[in-house]
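The values are calculated or read from the model by the stated rules, or taken from the named source; none is laboratory data. Treat the numbers as computed from the prediction; the structure is a model and nothing was measured. So basically every Cβ, Gly included, is an ideal-geometry build from the backbone, and we count neighbours across all protein chains shown.
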Amino acid sequence: MAPAYDALVIGTGFGGAVAACRLAQAGLSVRVLERGLRYPKGSFPRDFEDPRNGWLWQHRQGLFDIKLLKGMSVVQAAGYGGGSLIYANVHLRPPPDVFASGWPEGYSRESLDPYYDLVAHMLDVQPITASARGLPPKTKRMQEVATKLGREAQFFYPNLAVRFAPAGEPMPNKFGVLQEGCSYCGECDIGCNRRAKNTLDLNYLAVAEQRGAEVTTQAEVTRIEPLSPGYRVTFTDHANAGMQRTVDARRVFLCAGAVNSTELLLRNRDVLGTLPDLSARLGTRYSANGDFLAFAFDTKEPWDPAVGPTITTGMVVDEGQGKDKTWFLFQEGGHPVQAAGLMMAMDPDRAMTLPADLLQRELVKVLRTRSKEMAAIENERGRFQAVFLAMGRDKSNGRLTLSPITRELQVQWDVPANLPLYRTQEQLCEDVARALGTRAAFNPLWERLHLPVSVHNLGGCAMAEEPAYGVLNPHGEVHGYPGLYVMDGAALPVGVGVNPSSSIAAVAERNVEQVIRQVKDAPNWVAPERVPTKAAPAYPPRVSMRMMPEVETVASPVVSGTDPLGDVVVPPGGTVASPTPVVGLRFTERMKGFLQPNHPSPEDFAGAARAGQRGGQTAEFVVTITLPNLDRFLAQESHGGIVQGTLHVRGFTPPGGAPVENGVFNLFVGTERFYERRMLYLMPFTGVDGQPYLLDGYKEVNDDAGFDVWSDTSTLYTVLRKGHERTGPIVATGIIRLHLPDFLQQLTTFSVLGTSSPLKQADAMRRFGGMFMGTLWDVFARAKFD
Ligand SMILES: Cc1cc2nc3c(=O)[nH]c(=O)nc-3n(C[C@H](O)[C@H](O)[C@H](O)COP(=O)(O)OP(=O)(O)OC[C@H]3O[C@@H](n4cnc5c(N)ncnc54)[C@H](O)[C@@H]3O)c2cc1C
Ligand code: SF4
């Protein structure tokens, strides 16, 4: 039997909306499945007391899907319109050199420009300067900051998909859908209840429905299975008690977003076995697009984060050459008035000290509680809170995988390899904060655990000519599976460095055009908006549509869009260097000992180590500890660093050892006793049985009767826990030691990061050594002599 539809589109973000619109315009029968809800005017959640009331995908298909993945925290949207519902409206084209490597043949800025123009036309983009309301305070602050920092030539106003018309007056947009003008309420990232954001449901998706696309929301796709011809797609119908339903279609366009599309394909290949021939490269070339989040509290002048669209300005940083090039954008950010408490929970000075030994999920729980406590803080203070967002060209060297036994999605993200970018971003955040008369504060997940948060996830199903290099062919069709396409952020083979939605949509425009030309055997087919004025399409009202226009309109044709980033001037030697360069430090440590499984008394470290030694229960690790920012390492109470390396624990790790996954090191954390400090080592890993474990060890540095510096700083009291949290049950206990020959070797491994100046390197070593010795002095000597 012939499949019911010519095309099935999964997901309605920037890829899915483009695909659905063009396929329907081309006259194909189109079905759309979207896991989230529709948001008619005024329906975005606003219950700030209860996170389960409309906010979280996990609770009745709410708006935000926040995934605390091992290796990366990911924020994305669920809803009809995908990321456009909660994004900050910024539309930028990456500079031409982004396409110079990593892309299949045929991709360049020049070849994509007509599609960027088309996207700009559909989403009606324009900068904040087009608004009759004038510039919001934070926009003006950033203008001043750029001048103070000597970066005026790299300052610009990005295009925004926002309607800058009078607020409160509904008017049809060019597709006949009613919208109002922007009221500057600052709520863009929690859904625009005024419909001033040009979200995808008001343009691309509206046109798709006008042209007959059938849309089912609350429909979460779980399985894709080849038929002959076409594919059978299974989805969970959340609107009908989670019933399992199927749809057959000749072609499937997977557009569930970079993380979800990749996960769905991984599950269909590795768990369900329905798509066994997917490329071995599935999951690779993941990019977090260099996302970096920071804050500033108590700015000298009001920042007024809740006034104006969330982002209105940009500033380019472009330093170095070749593989040492660092390129990123800095953008000012805002937040709704009601989020002031949440932001203040990030303020290290105000949020009380956070315990140093919390891992990802525990830390998020504590921050959630703190933000509730902070919610009562008077609004006036909230006016002096700034949000900083940076994004840039990271190494795009991440990998999305399913954990072998638990099948949990995880990200392998190499923070140290991307540190030159992150360090420069931190540095600029500090400079901007200083120019605003205060200090920068960093996202605690970064500050404590060096876990980035990404809202701009890309890659995982990269396009490449050959399946040996990527999952998709250069037109987005899955290698080995004709008629199955991926047309969202997952298809981009490298991070674009700028806010990516324009690029995702432009690539989808290009690729769906190719599909339509093939299917219709019409080699010159183009989107109707690209044909000359006389033939421009009408957007007729349709009775059956829930939210569609009363007014018939005729679209104006596409004209060349503007490229504000292209007007930025970068001097030949690069942008001005920061006056406060960030210097880091790295060293490698090897420790060996014994861990006895199921020792009757888990706190009896010495007894367990002896038992372990008798039974040959060896434990050993070689780890590299990176302190990305020495200044902050020295200033923070938790003195945290990143741990990477390999662990061998007999009976728990495979013969070749287990890699440490986002390990944390804290030097000299205070305890309840003044003359006592602890060095903490937290090393999550996956055991030989595929289960998560945590090596949780501490060195106790105190002025005990023995007064033995060497023993104190070389003895790691260790437990092995099940799971990746410090509350997990203990499964082994013992002691792992630093032996003198290994310590002497360790001394040769110290290297200073971020400067090639011998003077600065010596200074960094002196400061680190001073802190190390200074703390040992506090512990061992001051008690005796003060
Ligand atoms: C807070 C925030 C601010 C941002 N600001 C900007 C910005 O200013 N500019 C910019 O360019 N980018 C911004 N982004 C990023 C931008 O939103 C994403 O890059 C973009 O939305 C990705 O498009 P996509 O088509 O790949 O996926 P998405 O837009 O994420 O769309 C995927 C869709 O698929 C649906 N889906 C997922 N799984 C399934 C399933 N199994 N079955 C059915 N449906 C499914 C989802 O619900 C979603 O609707 C921001 C993101 C966030 C979170
Ligand atoms: S500032 Fe307010 S009205 Fe304007 S686009 Fe954002 S949410 Fe909508």
Any residue at all in segment 437-444 that is modelled with pLDDT of 95 or more and either out of contact with any strand residue (DSSP E or B) (no Cβ under 9 Å at 6 or more places or on another chain) or among the small types (Gly, Ala, Ser) (or both)? yes
Of the numbered conditions (1) buried (at least 22 other Cβ atoms within 10 Å of the Cβ); (2) farther than 24 Å from Ala764 by Cβ; (3) small (Gly, Ala, Ser), Gly584 fails exactly one; give the number of that condition. (2)
Within segment 207-226, can one find any residue that is out of contact with any His (no Cβ under 6 Å at 6 or more places or on another chain), in a loop (DSSP other than H, G, I, E, B) and within 13 Å of ligand 1 (Cβ to nearest atom)? yes
Which one of the conditions (1) closer than 30 Å to Glu465 by Cα; (2) away from ligand 1 (no atom under 15 Å from the Cβ); (3) out of contact with any Ser or Thr (no Cβ under 8 Å at 6 or more places or on another chain) does Met171 fail to meet, given that it meets all the rest? (1)
Being touching a Leu at 6+ places or on another chain (Cβ under 6 Å) and either closer than 30 Å to Leu367 by Cα or more than 16 Å from ligand 2 (Cβ to nearest atom) (or both) narrows Ser108, Ser84 down to just Ser84
Checking the structure you have, find out if any residue of segment 203-217 is within 16 Å of ligand 2 (Cβ to nearest atom) and touching a residue at least 60 places away in the same chain (Cβ under 8 Å). yes
Within segment 564-611, the residues that are closer than 29 Å to Glu319 by Cα and assigned to a helix (DSSP H, G or I) are Pro564, Leu565, Gly566, Asp567
Considering residues of segment 174-206 that are of a type in the set (Lys, Arg) and in contact with a Cys (Cβ under 8 Å, 6 or more places away or on another chain) only, the residue nearest to ligand 1 (Cβ to nearest atom): Lys197
Check Val271, Val177 and return the single one that is at pLDDT 95 or above and surrounded by fewer than 16 Cβ atoms within 10 Å (Cβ to Cβ). Val271
With respect to Leu202, determine if the residue is crowded, with 23+ Cβ neighbours inside 10 Å and of a type in the set (A, V, I, L, M, F, W, C). yes
Arg52 surrounded by fewer than 21 Cβ atoms within 10 Å (Cβ to Cβ), modelled with pLDDT of 95 or more and more than 16 Å from ligand 2 (Cβ to nearest atom): no
Flag if Gly191 is touching a residue at least 40 places away in the same chain (Cβ under 8 Å) and at positive phi: yes
Restricting attention to segment 87-96, does a residue exist that is away from ligand 1 (no atom under 14 Å from the Cβ) and either under 23 Å from Val9 (Cα atoms) or more than 19 Å from the chain's Cα centre (by Cα) (or both)? yes
Any residue in segment 175-193 that is within 25 Å of the chain's Cα centre (by Cα), more than 14 Å from ligand 2 (Cβ to nearest atom) and either of a type in the set (D, E, K, R) or under 23 Å from Thr313 (Cα atoms) (or both)? no
Filter result for the condition that a residue is under 18 Å from the mean Cα position of the chain (by Cα), crowded, with 22+ Cβ neighbours inside 10 Å and modelled with pLDDT of 95 or more, over Gly13, Gly36, Gly71, Gly79: Gly13
